[in-house]
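Have a look at the structure below before the remarks.
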Amino acid sequence: MNLFRSEEHVERWVGRRDPGATITVAKLSELAHAWWSDRLAPDWQPAPRERNQAILDELGLTGDFWRLP
Amino acid sequence: MDADLLEVRNLTYRMFVELGRAPSAEEVAGAADRTGAEVESVWRELHRAHALVLNPATNEIRMANPFSAVPTAYRVQAAGRWWYGNCAWDALGICAALRTDGRIETHCPDCGQAIAFEVRGQRPDDELLLFHCLVPAAHWWDDIVFT
């Protein structure tokens with residue numbers, strides 16, 4: 001899970017591996033804030049799979065690649 | 001999650017942020033009126049529940065996601081300290097968890113060139129950067145350190 005300067009850098013680094021998925025850093029920030037912002041809350045509870053999947057879905061991260069087990 | 005696990009988990013996270021590093025089992029035990037062995041036992045349960053990640057060789061904390069207990073390529077300046085994120089997602093997650101702005105420093109894995117940007121009001125100030133995820137979500141926890 002890395003940051004790259006451009007799509008060209010991603011493609012060169014991925015090479016012959018499976019392509020994975022690429023999103024903008026702005027989208028990543030939205031994802032990070034939705035996913036992690038409760039992590040230090042005193043009433044934190046582990047998120048059920050459905051809630052985590054809903055975070056991905058609501059950000060448009062859909063399809064098999066983003067499907068949690 | 002069991003209240004006993006949650007208590008140790010929350011204390012571990014709180015101490016991580018207060019200390020700016022992962023606490024030892026003995027440090028958590030001292031604050032929780034438990035033994036170090038009891039804390040390690042709870043940590044192993046939390047590890048199995050994916051609530052934190054232990055170093056299998058030492059039973060010390062490797063990740064209290066999004067925080068890394070060991071140096072990584074993702075350095076984060078936030079809340080008056082430098083932290084390490086486990087990956088790019090976690091680096092932004094540190095700002096999210098601390099509910100603050102921050103600065104993230106890393107390098108492009110392809111060309112090695114330095115990357116540095118600020119996160120202000122949840123927005124990165126270099127929106128040309130791209131995040132790449134190699135492992136599908138279904139397999140993130142197969143090997144979370146690699147992921």
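The values are calculated or read from the model by the stated rules, or taken from the named source; none is laboratory data. Since the structure is predicted, the reported quantities are computational estimates derived from the model, not experimental observations. In this analysis, Cβ positions are derived from the backbone assuming ideal geometry, glycine residues included, and neighbour counts consider all displayed protein chains.
So if I check each of A:58, A:7, A:50, which one is surrounded by fewer than 14 Cβ atoms within 10 Å (Cβ to Cβ) and closer than 17 Å to residue B:131 by Cα? One residue alone meets the criteria, A:7. Within the option set A:29, A:6, being without any contact (Cβ under 8 Å) to a residue 24 or more places away in the chain, touching a helix residue (DSSP H, G or I) at 6+ places or on another chain (Cβ under 6 Å) and polar (S, T, N, Q) holds for one residue only, A:29. Of everything listed in (1) among the hydrophobic types (A, V, I, L, M, F, W, C); (2) surrounded by fewer than 15 Cβ atoms within 10 Å (Cβ to Cβ); (3) away from every other protein chain (no Cβ under 11 Å), the single unmet condition for residue B:116 is (3).
I'm trying to understand the selection: among the residues of region B:56-88, which are assigned to a loop (DSSP other than H, G, I, E, B), surrounded by fewer than 20 Cβ atoms within 10 Å (Cβ to Cβ) and at pLDDT 95 or above? Full working, then the answer.
First, the residues of region B:56-88 that are assigned to a loop (DSSP other than H, G, I, E, B): B:56-60, B:65-66, B:69-73, B:79-80, B:86-87.
Still in the running and surrounded by fewer than 20 Cβ atoms within 10 Å (Cβ to Cβ): B:56-60, B:70-73, B:79-80.
Of everything in region B:56-88, those that are assigned to a loop (DSSP other than H, G, I, E, B), surrounded by fewer than 20 Cβ atoms within 10 Å (Cβ to Cβ) and at pLDDT 95 or above turn out to be B:60, B:70, B:71, B:72, B:73, B:79, B:80.
Residues satisfying the criterion are absent from region B:36-55 (criterion: aromatic (Phe, Trp, Tyr), in contact (Cβ under 8 Å) with a residue 40 or more places away in the chain and not assigned by TED's automatic domain parsing to the domain that holds residue B:146).
If the condition is being assigned to a loop (DSSP other than H, G, I, E, B), more than 7 Å from every other protein chain (Cβ to nearest Cβ) and either within 26 Å of residue B:120 (Cβ to Cβ) or of a type in the set (Ser, Thr, Tyr) (or both), then region A:11-62 contributes A:38, A:41, A:59, A:60, A:61, A:62. The set of residues in region B:101-147 that are of a type in the set (Gly, Ala, Ser) and in a loop (DSSP other than H, G, I, E, B) comprises B:112, B:121.
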